[in-house]
Structure formats: C-alpha cells, structure tokens
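Below is one structure; the comments refer to it alone.
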Amino acid sequence: MANSDSATIDLVHSQRKKGFELFVMGVLILCSLVAVAVTVGIVLSLLFEAFRFFERIPLTDFLFGTQWSPQTALRADQVAAEGAFGAVPLITGTLLISFIAMCVATPLGLLSAIYLSEYASKRSRNLIKPALEILAGIPTVVYGFFAALTVAPLLRAGGESVGLNVSSESALAAGLVMGIMIIPLISSLSDDVINAVPQAMRDASLGMGATHSETIRKVVLPSAIPGIAGSLLLAASRAIGETMIVVMAAGLAANLTANPLEAVTTITAQIVALLTGDQEFDSAKTLSAFALGLVLFVTTLVLNVVALRIVRKYQEQYD
Amino acid sequence: MTDFITPSSQLKSRKSAEKRFQWYGRGAIFASLAFLVVMVGSILYKGSGAFTTTDVAIVVDLGPEAVDPANPQDARFEKIVKDALKARFPEATKRADRRKLYGLVSNDAGFELERFVLANPDKLGGEVRVWFRASDDFDILLKGTVDRTVDESERRLSDQEIGWIDTLLADGDVKRGFNWSFFTNGDSREPELAGILSALVGSALTLLVCFCFSFPVGILAAIYLEEFAPKNRFSDIIEVNINNLAAVPSIVFGLLGLSMLLNTFGMPRSSPLVGGLVLSLMTLPTIIIAARASLRAVPPSIREAALGMGASPVQATFHHVAPLALPGIMTGTIVGMAQALGETAPLLMIGMVAFIVDVPQSILEPATALPVQIFLWADAPERAFLEKTSAAIIVLLLFLITMNLLAIVLRRRFEKRF
Amino acid sequence: MSKTAIISAKDVDVFYGEKQALNKINLDIPENKVTSLIGPSGCGKSTFLRSINRMNDLVDICRVEGSITIKGQDIYAPEVDVVALRAKVGMVFQKPNPFPKSIYENVAYGPKIHGLAKSKTDMDEIVEWSLIKAGLWKEVKDRLDQPGTGLSGGQQQRLCIARTIAVKPQVVLMDEPCSALDPIATAIIEELIDELRNNFTIVIVTHSMQQAARVSQRTAFFHLGELVESGATKSIFTSPEDERTQNYIMGRIG
Ligand SMILES: Nc1ncnc2c1ncn2[C@@H]1O[C@H](COP(=O)(O)OP(=O)(O)OP(=O)(O)O)[C@@H](O)[C@H]1O
Ligand SMILES: [Mg+2]
C-alpha cells in the first residue's frame with residue numbers, strides 16, 4: 001500500500017549521498033581539466049625553455065639566421081663557442097618536404113575522395129575507405145624505414161641512370177613517403193565535405209544536361225572548396241609536425257636549398273638530434289630544441305585553428 | 001529537328017572526358033593502395049627470413065684439462081670454441097683466416113657453451129657435439145640473399161669461408177629452425193642473437209601506464225563534458241582545447257615530458273612510467289572524442305527513465321548511460337592504444353632509446369619500446385639487422401592489426417543496440 | 001482549493017527561452033482520482049505534466065513561474081530536492097523506455113537507489129507487488145532475469161508502470177502512455193489505470209477523447225498554453241462551458 005494517507009510528504013530529504021555526489025562532480029571536472037592542464041603545460045614549458053634560449057641567442061638571429069650548426073664548445077673560450085642557430089634552413093627544409101608531400105597527397109587524396117563519394121558503389125566504398133585508412137594507421141617509424149631503406153636507394157639509382165645526382169637523404173624520398181601517409185587525412189575529410197553538398201545542387205546541374213564529371217567540377221567542388229581547403233590545411237599541419245619519417249630519411253644536413261634532390265633537414269629532425277644522446281640541459285644546444293618546438297607548436301596550432309574554423313563554417317552553411 | 005539519339009561530336013568528347021575523370025579517381029585509389037601493398041609486401045619479404053635461424057654443430061673438447069669439473073664456470077669457453085673450430089678446419093693457419101674461421105659462429109659462442117656446460121654437467125669429460133648459433137653472414141648466405149657469383153672482393157664472405165660452410169652443410173652439421181630466440185632475447189649487438197623481448201615488455205609496460213591513466217581520465221572527462229557541463233564559455237574552452245590537442249605534433253608531447261616530467265618532477269629517465277604518461281596525454285583527446293560520441297548515441301529516453309523515477313543525474317549517468325556507452329568507449333580506447341603502441345618520436349625525447357638487453361622488471365627501470373627498437377635497428381650497419389628490423393615491424397603490425405580487429409568486432413557486436 | 005486536492009497549481013507560467021508555453025494555469029488535482037489533460041497538439045499538456053515532477057529542469061532554457069504545491073509544499077522551493085520529489089511523483093513516458101537490463105533489475109532499480117528494501121526478500125516482495133499491480137506478474141514471473149527490452153510494447157509499458165510504482169510514489173504522471181500501443185494493449189493499460197487509482201493519484205495526458213472519458217474522473221482542457229476548462233469528466237464531455245472545449249470534443253480543432 002502506498003502511504004497516501006500520511007498528512008505530509010518529505011520533499012526535502014532524499015536517500016542520495018550528496019557529499020559523495022559533490023565529490024564525484026569534483027573528480028569529473030578535474031578530469032576534464034587535465035586536457036587544459038596539458039595545453040598549459042606545453043605552452044609554459046616551451047615558453048620557459050625557449051626564453052632561456054633567447055637569453056643567449058637573440059631572437060632575430062634565430063629567426064633570420066641562415067646558418068645552423070649547433071656545436072657544443074669543447075673549450076669555453078673557443079670562438080663561436082655556442083655555434084650558429086639560424087633556423088631559416090630548417091624552416092625551408094620543413095616547408096620543402098611538406099610541399100612535396102602535399103604535391104603527392106593532394107591529387108591522390110582528392111581524386112580518391114571524389115571517386116569514393118560520387119562514383120563508387122556502396123559496397124566498394126565500404127571496402128576502399130577502410131583500406132585507405134590503413135595508411136593512416138601504420139606507425140610512422142615504418143614509413144621512415146621504408147623511405148630510408150627502399151625509396152631513397154631507388155631514387156638514387158634511378159637518378160644515376162639518367163645522370164642526376166640524388167642525395168641518399170634527399171628531400172624527395174622523405175616527401176614522397178610522407179605524402180602517401182597523409183592521403184587518408186585528405187581523402188576522408190574531403191569525402192565528408194563532398195557528401196555534405198546537397199543533392200539538390202547536383203540534381204540542378206544534371207537536370208540541365210551536364211555530365212556527372214562536369215557537375216562535380218563546376219558545381220560540387222566549387223561549393224566544397226572551403227571544406228577541402230580545411231582538410232588540406234590539417235594535412236599540411238600533420239606533415240610539418242611529422243617526425244620519424246624525416247628523422248630516418250631526411251638526415252641532418254642544414255642546407256638552404258629548394259632542390260628536392262638534395263638533402264635538407266627539418267625542425268622535427270633537429271629536435272630529435274639535439275635531444276637524444278648525452279646532453280647537458282643548460283647548453284644553448286639543448287635549449288634551442290625548445291625554441292624549435294615552440295615554432296612547431298605555434299605553426300601547427302595556427303593551421304589547425306584556421307582549418308577547424310573553415311570546416312565548421314562550411315558545415316553550418318549546409319546544416 | 002534535333003536528334004536525341006545520335007550523339008554529336010561535342011557530346012562524344014564530353015563523354016570521353018567523363019570516362020577519363022572516372023579513371024583518374026580509380027588511378028588515385030589504385031596508386032595509394034599499391035603503395036601500401038608494396039611497402040607492406042617488401043617488409044614481409046625482407047622480414048620473413050628473420051623468423052628462421054641457423055645453427056652449426058661443432059665438436060668441442062670438454063675434457064678435464066679444458067673444463068675443471070669442480071669449477072666448470074672458470075673454464076675459458078671462448079678458447080674452447082676457437083680450438084674446436086681450428087681442429088675442424090686445420091687449414092686455416094694465417095691470423096686473418098683464423099679470424100674468419102671464428103666468425104662462422106656467433107660472437108657469443110663462448111657464453112652459449114658456458115650455458116650449455118652449466119646446464120649439462122654430466123656431459124663433461126670428453127668430446128661433445130654442441131650446437132652453436134651461426135653468425136649473421138653465415139645465416140644470410142644460407143637464406144640465399146648473397147649472390148655467390150659476384151666478385152669475391154664485393155662479398156662479405158670470401159671463397160674460403162663459403163667453402164667451409166659448404167663442407168659443414170655436406171657433413172650435416174648445419175640445421176635451420178624457427179627463430180624462437182627472436183622472441184625470447186633482448187637486444188644485442190650481434191644480429192643473430194638480437195631479439196624483441198625487452199622491447200615488447202617495454203611496450204607492454206608503457207601501454208599499461210598509458211591505459212591506466214588515459215582510460216579513466218578520458219571517460220570521466222567525456223562524461224562531464226557530455227552529461228553535466230553547462231553550456232558556457234568555460235565548457236567551450238575545454239572543448240576547443242581538446243580538439244586542438246588532438247592535432248599537436250607528437251614530438252611536442254615529448255618535449256613536455258622532457259621538460260616537465262623529467263626535469264621539473266624528476267621522474268626516472270627512459271622509464272615506461274614517463275613514456276606511458278606522455279603517450280597517455282597524447283591519446284587522451286582520442287579517447288575523450290570517441291567516448292563523447294558514444295555517450296551521445298545513448299538515447300535520451302534512458303536518461304529520462306532514470307531521472308523520472310528519482311535517480312540523481314550522477315546515478316542516471318553511472319548506472320545507465322555510461323554502461324551502455326562502454327562498448328563504444330572501449331573501441332575508441334583500443335584505437336587510441338594502437339596509436340600509442342606505434343608512436344616513436346615522444347619516446348625518443350624522454351630517453352627510451354637506450355640499448356636494453358635485459359627485460360625491464362618494473363615501470364621505473366630503463367626500457368625501450370617496440371617502435372623505438374625498430375628505429376634503432378634500422379640505423380644499425382649490419383646487413384642482418386635489416387632483416388631483424390623488418391621482422392620487428394611485422395610483429396608490430398600484427399599487434400596493431402589484432403587491436404584494430406578487436407575494435408571492429410566490438411563495434412559490430414554492439415552497434416545496433418538501440 | 002478543494003479539500004482533497006493533492007496537487008495544486010497557482011498562476012503557473014512556463015517559458016522556453018522567450019517563448020511562453022503555459023499561461024497562468026490554475027488547477028487542482030484531487031487525490032486518488034485519475035485526472036486527464038486533453039487538448040490539441042502543442043498546447044502545453046506535456047509541459048504542464050513535466051513541471052509537476054520538475055523534469056523540465058533538464059531543459060536549460062525552461063523557466064517556471066507561479067507555484068505548484070503538493071500537499072501544501074511548494075515543489076519549486078529552494079530546499080526541495082528534485083530527487084526526493086521525483087521519488088514521490090513518478091512518471092511514465094509516451095514511448096516505453098525500459099532499461100536494457102533484466103525485468104527484475106528494471107523494477108528493483110528505484111527501490112534500490114531510494115533505499116526502500118532492507119534485504120533481498122524485501123526486494124523480491126517489492127518487485128512481485130509492483131509487477132502484480134502492473135498486471136504483468138503472470139506473464140513474466142518465470143523470466144524475471146530476461147531483458148526488459150525483449151518484451152512486447154504493451155508489456156514494456158506495463159513494466160515501466162511497475163518500475164514507477166515500485167518506489168511507491170504518491171502521484172503517477174503518464175504522458176500519452178498508450179500512444180505507441182495497439183488497442184488490446186491499450187485496453188489492458190486502461191484497466192490497470194483504473195486499478196491503480198486506489199493507491200495513487202494519477203495524471204494522464206491523452207489524445208483520445210474516449211480514453212479520457214473511460215479512465216478519468218476529472219478532465220482539464222488546454223488550448224494554446226491556457227487552461228480553458230476543468231471539472232468532472234462527465235460534465236466536460238456532456239456540457240462543456242467553453243465553446244473551444246466543445247469544438248475540440250466535437251473534433252473541430254485539434
Ligand atoms: N524543449 C523545448 N524547447 C523549446 N520549446 C519547447 C520545448 N518543449 C516544448 N516546447 C514548446 O512548448 C509548447 C508546448 O509543448 P508541449 O510538448 O507541452 O505540447 P503538448 O501539448 O504535449 O503537445 P503534444 O500533444 O504534441 O505532445 C510547444 O509550442 C512546443 O513547441
Ligand atoms: Mg506531449
């Protein structure tokens with residue numbers, strides 16, 4: 001029997017343990033703050049160590065210097081005891097390799113995305129899409145190994161046979177392989193973007209007697225451009241931050257060149273070189289790695305924020 | 001009058017443009033997948049050899065003069081092996097020839113004999129036929145990757161060495177078998193003895209730390225953001241933060257680990273503890289994003305049902321919503337762990353690149369991880385390490401495939417719950 | 001306010017953001033009777049029902065003004081705990097929403113979180129009592145450990161009723177409990193509602209005039225966020241005072 005005959009009912013006191021629930025909420029909030037703490041930690045530690053670096057090496061020398069040779073001095077009184085820390089060759093090297101990668105990945109990724117979203121049957125799409133995504137799941141150390149021990153020697157031999165001198169640590173080898181790695185990034189994001197273009201727009205064009213490919217080129221792609229641009233920016237950010245491929249295949253020669261057949265080095269490869277092995281933590285050499293890390297972090301962050309903004313704007317347009 | 005049936009020449013060219021366009025798409029997909037197949041195929045091809053190994057039988061003298069039965073551990077085992085080799089091929093008299101002769105077996109043959117003697121004290125007292133691991137060059141010759149016809153000066157093995165090997169083969173003193181030691185040994189400077197056990201254990205410990213941190217924190221953060229967070233600036237900041245964190249280059253997390261965990265907090269360098277923590281910070285966004293998606297997929301009627309009968313929001317979430325989202329969360333977590341397993345760069349930053357022979361016993365000891373082992377071996381000059389590197393990659397890929405299959409099965413299994 | 005009113009709403013306004021969904025509702029709901037809320041779609045019936053056990057708190061933009069009292073206590077008073085309130089004012093939803101757990105666990109969940117059972121036998125008794133009251137016991141007593149989601153729609157809805165009454169609330173709110181069910185299942189539930197009236201006060205939202213006439217003793221007619229008319233069901237259906245009520249009952253608005 002329900003106690004409907006009681007005069008009043010208690011609406012104030014429940015059985016739940018409020019203290020415990022407050023504690024749970026506290027823990028939940030704390031956990032979601034971990035992500036913020038990580039970001040703050042990254043920014044603080046990079047800024048702090050980079051600041052110590054810039055106390056020794058002027059910021060302008062770092063940003064505009066064209067000479068990179070971070071030797072540690074053998075004797076304190078040695079001339080140029082701290083070495084040269086001009087980051088320009090590293091930045092150009094990074095850009096060169098990323099550019100080659102984008103040259104490979106953009107056409108392959110975009111054409112794959114177009115084919116998958118516009119032409120492929122549902123069945124082959126369900127098969128091909130995950131297959132392409134395997135490319136993104138393979139550890140980068142595997143790409144690095146393949147680039148250094150298979151692709152680079154092949155390019156060298158191929159260059160020799162046509163009389164070209166290809167460095168065994170050429171930017172081309174690293175860039176090519178890196179390009180393959182970021183294909184799925186471009187293809188799956190662009191695929192989503194292309195699918196979001198309303199069918200009505202296609203119907204309008206097809207109804208006027210345009211062929212399917214004309215519709216894609218003249219109607220679908222132009223309206224998907226912002227989203228595609230976003231996906232390309234994300235891919236570029238990924239290429240710039242990629243480490244293992246360049247560590248293994250690009251080497252450490254800080255050449256200021258635009259020739260893809262020569263060896264160049266990148267920001268990430270230098271960070272690894274500077275920080276592995278024995279190190280004294282206070283030298284300009286090790287601290288310079290954090291200055292490079294700061295450059296890398298800021299660059300990729302800006303690219304991401306811009307890319308995510310573009311993609312979001314684009315999605316809202318069709319919501 | 002217009003003819004609808006016979007295509008005009010202009011239409012024909014438009015039609016062929018259409019065909020061409022489709023072929024570009026097919027070509028792009030084919031090129032991407034072909035690269036994948038070539039890369040994995042070449043690694044499989046190169047690595048398959050590492051799973052077999054070569055042993056040589058040599059008759060060694062374990063008489064009382066060579067090994068004192070009272071103190072067998074004091075014997076000069078390396079010398080015993082060398083003497084046995086000299087006895088087998090007395091024609092090697094010059095020092096250079098002798099060195100080649102000793103090079104037929106692994107550099108560690110002395111230790112192998114010592115282990116054999118200590119394990120079989122009953123065999124002491126006379127001549128005994130003992131199996132030794134063959135050297136890497138010997139092994140490679142048998143695997144057929146060395147071309148015997150090229151000029152002697154361009155080969156690692158001279159005609160004389162090949163002659164010895166052929167003699168051993170003819171006498172039945174060579175055997176091939178599955179390379180168990182690849183899975184039971186730690187790293188070694190000698191490719192024929194190098195194994196991945198210490199790296200595997202290092203990876204396992206690192207992943208364990210990573211899981212223990214990122215799984216609970218990831219789920220709880222996702223629950224807060226999805227079920228409780230008020231819609232305000234503060235929540236927006238956290239959300240944007242997580243999305244951006246997901247795209248920070250992995251090496252930056254390594255820098256964070258180096259500067260914060262190692263230098264500021266003084267945690268042990270090269271340890272799975274630090275490695276796991278760094279990787280968990282990296283996988284956290286993946287887990288949070290996946291967990292939020294599967295929490296969102298739980299129908300609101302479940303929440304209403306629980307709240308409607310007087311469950312508190314915390315009870316409704318932990319009793320009903322979270323258990324239903326768990327399969328999805330697990331899937332996301334496995335994918336995140338697979339990412340962490342393949343990650344190399346941040347581990348280099350915190351010093352997990354050491355040469356580790358012994359299996360790490362705790363998360364505080366220096367250790368390395370499988371992908372780092374691959375990186376180290378890829379750099380080694382010996383040819384036989386090429387094979388080992390590929391084999392280690394195969395093992396790594398097998399683990400990744402298993403994890404991803406598990407994730408797919410989980411997803412399939414629980415997908416149509418609602 | 002009539003002496004037997006258990007719930008009484010005074011000048012209740014409900015807003016969703018800027019939009020006003022209910023306007024100055026004054027309604028007394030008598031104890032141990034079935035009160036039905038009728039009216040065209042979107043008139044605010046669900047909104048009113050959900051403000052009685054504060055399910056509206058879940059909607060961020062929702063704001064309730066005026067007062068709703070249960071046995072004289074203002075349920076929107078700051079010291080009131082919604083969890084305690086909902087334990088006293090249970091709710092059955094339009095679509096059956098059993099937890100994807102066993103039948104037993106479904107019914108036992110409420111008593112468990114509210115600490116109503118001291119032992120396993122206590123709990124067994126509560127579960128049996130609730131299922132008997134919900135008219136489901138005979139059908140499920142041999143498969144209490146099977147998932148509640150495996151039952152038919154009508155059975156699921158009765159399970160949800162059992163789950164709600166297991167907490168022994170004072171009031172049971174039902175929002176179109178039969179709209180997802182076939183006529184036979186509907187008839188069973190209607191019978192059940194009549195039974196439950198002895199123990200509980202019931203407020204039911206329905207779109208079916210016949211259902212309102214069959215199960216309820218009192219009826220309130222809502223239109224465009226206003227309470228047009230309320231009274232004994234018989235008089236509302238036979239001699240409505242307001243023209244809008246008449247039109248609705250005759251099927252001219254809706
Ligand atoms: N969560 C909400 N956010 C904003 N507006 C809402 C929300 N819920 C209901 N409304 C609005 O409040 C008004 C009343 O809705 P309510 O659901 O109470 O109607 P109802 O009488 O139950 O209708 P039905 O018979 O279709 O269930 C409607 O105009 C509706 O659009
Ligand atoms: Mg309604």
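Computed per residue of chain C from DSSP H runs no shorter than four, each worth -39500 (n - 2.57), the mean residue ellipticity at 222 nm is -10000 deg cm²/dmol. The angle separating the long axis of helix B:77-88 from the principal Cα axis of greatest extent in chain B is about 60 degrees. With Rh defined as the Kirkwood radius, the inverse of the mean 1/r over Cα pairs, the Rg/Rh of chain A is 1.15. With contacts taken as Cα pairs under 8 Å and at least 6 residues apart, chain C reaches a relative contact order of 27 percent.
Computed 3J(HN,Hα) for region B:136-144, one whole-Hz value per residue from the Karplus formula 6.51 cos²θ - 1.76 cosθ + 1.60 where θ = phi - 60°, is 4, 5, 4, 4, 5, 4, 5, 6, x, glycine and proline marked x. Normalised by 2.2 N^0.38 Å, where N is the number of residues, the C-alpha radius of gyration of region B:1-136 stands at 2.35. In chain B, helices alone account for a calculated mean residue ellipticity at 222 nm of -19000 deg cm²/dmol, with every DSSP H run of four or more residues adding -39,500 (n - 2.57). Between C:Lys71 and B:Arg233, the modelled label-to-label distance comes to 4.6 nm, taking each label 7 Å out from Cα in the direction of the beta carbon.
When you restrict to C-alpha pairs under 8 Å that are six or more residues apart and normalise by the size of region B:1-159, the relative contact order lands at 27 percent.
Here's how it looks for C:Ala5: its modeled amide H is under 5 Å from those of C:Glu31, which are all 5 or more places away or on a different chain. Counted over region C:2-249 with a bin width of 10 Å, the fraction of Cα pairs per bin, in whole percents, is 7, 31, 35, 20, 5, 0. Would you look at the GNM of chain A, springs on alpha carbons closer than 10 Å, and say which of A:Phe23, A:Phe145, A:Phe51 moves the most? Maximum fluctuation in the GNM of chain A, among the listed residues, is at A:Phe23.
With the gyration tensor restricted to C-alpha atoms of region B:197-414, the semi-axes of the equivalent ellipsoid amount to 37, 20, 14 Å, longest first. Karplus-based coupling profile of region C:226-232, in residue order and whole Hz: 10, 8, 7, 7, 9, x, 4, with θ = phi - 60° in 6.51 cos²θ - 1.76 cosθ + 1.60 and x standing for Gly or Pro. In this calculation the C-beta distance from B:Asp171 to B:Asp358 is compared with R0 = 35 Å, giving a FRET efficiency of 0.40.
Give, rounded to the nearest 20 debye, the magnitude of the charge dipole that chain C has about its Cα centre when Lys and Arg contribute +1 at Cβ and Asp and Glu contribute -1 at Cβ. Its charge dipole is roughly 320 debye. Projecting the Cα atoms of B:Pro371, B:Ala199, B:Ser312 onto the dipole axis of region B:197-414, where Lys and Arg carry +1 and Asp and Glu carry -1 at the beta carbon, places B:Ser312 farthest toward the positive end. For C:Glu229, which sequence-distant residues (separation of 5 or more, or a different chain) have an amide H within less than 5 Å of its own amide H, given hydrogens modelled in the peptide plane? The answer is C:Phe221. When the Cα gyration tensor is reduced to axis lengths a ≥ b ≥ c, the ratio a/c is 1.5 or higher for chain B, and with a/b not above b/c it is classed as oblate. In this structure, C:Thr238 and C:Ser208 have a Cβ-Cβ separation that, at R0 = 22 Å, corresponds to a calculated FRET efficiency of about 0.80.
Two numbers describe the Cα atoms of the protein assembly as shown: Rg and Dmax, which are 37.5, 127 Å. Could you identify which residue out of B:Leu386, B:Leu273, B:Leu220 has the top mean-square fluctuation in a GNM of chain B using Cα springs shorter than 10 Å? Among B:Leu386, B:Leu273, B:Leu220, the largest mean-square fluctuation in the Gaussian network model of chain B belongs to B:Leu220.
GNM on chain B, alpha-carbon springs under 10 angstrom: the most fluctuating residue among B:Phe183, B:Phe116, B:Phe51 is B:Phe116. Taking every C-alpha pair closer than 8 Å and separated by at least 6 residues, the mean separation divided by the residue count of region C:177-254 gives a relative contact order of 18 percent.
Hey, if you put +1 on the Cβ of every Lys and Arg and -1 on every Asp and Glu Cβ in region B:197-414, which of B:Pro346, B:Phe265, B:Ile334 ends up farthest toward the positive end of that dipole? Going by the Cα projections, it comes out as B:Ile334.
What the pair-distance distribution of region B:199-318 shows, using all Cα-Cα distances binned every 5 Å from zero, is 2, 11, 16, 18, 17, 13, 10, 7, 5, 3, 0 percent. Site pair B:Arg76 and B:Met267 shows an inter-label distance of 5.0 nm when each label is modelled 7 Å from Cα along Cα→Cβ. Here the Debye sum runs over all C-alpha atoms of region B:134-255 as equal scatterers in vacuum, and log10 of I(q)/I(0) at q = 0.12, 0.17, 0.18, 0.23 Å⁻¹ comes out as -0.71, -1.00, -1.06, -1.31. Computed from label points 7 Å out along Cα-Cβ, the spacing between A:Phe48 and B:Ala246 is 3.0 nm.
Applying 1/(1 + (r/R0)^6) with R0 = 35 Å to the Cβ-Cβ distance of C:Gln246 and C:Glu139 gives a FRET efficiency near 0.25. The gain in end-to-end length when the A:Ala253 to A:Val162 segment is fully stretched comes to 30.3 nm, 0.36 nm per residue minus the alpha carbon separation. Here the sum of -39500 (n - 2.57) over DSSP H runs of 4 or more residues, divided by the residues of chain A, equals -22500 deg cm²/dmol at 222 nm, to the nearest 500. Antiparallel beta bridges, as assigned by DSSP with both residues in the protein assembly as shown, represent about 70 percent of the total such bridges.
Since every read-out is calculated from the coordinates, none of them should be taken as a lab result. Remember, it's a predicted structure, so these values are computed and weren't measured experimentally. All Cβ positions, even for glycine, are placed from backbone atoms using ideal geometry, and neighbour counts span all protein chains on display.
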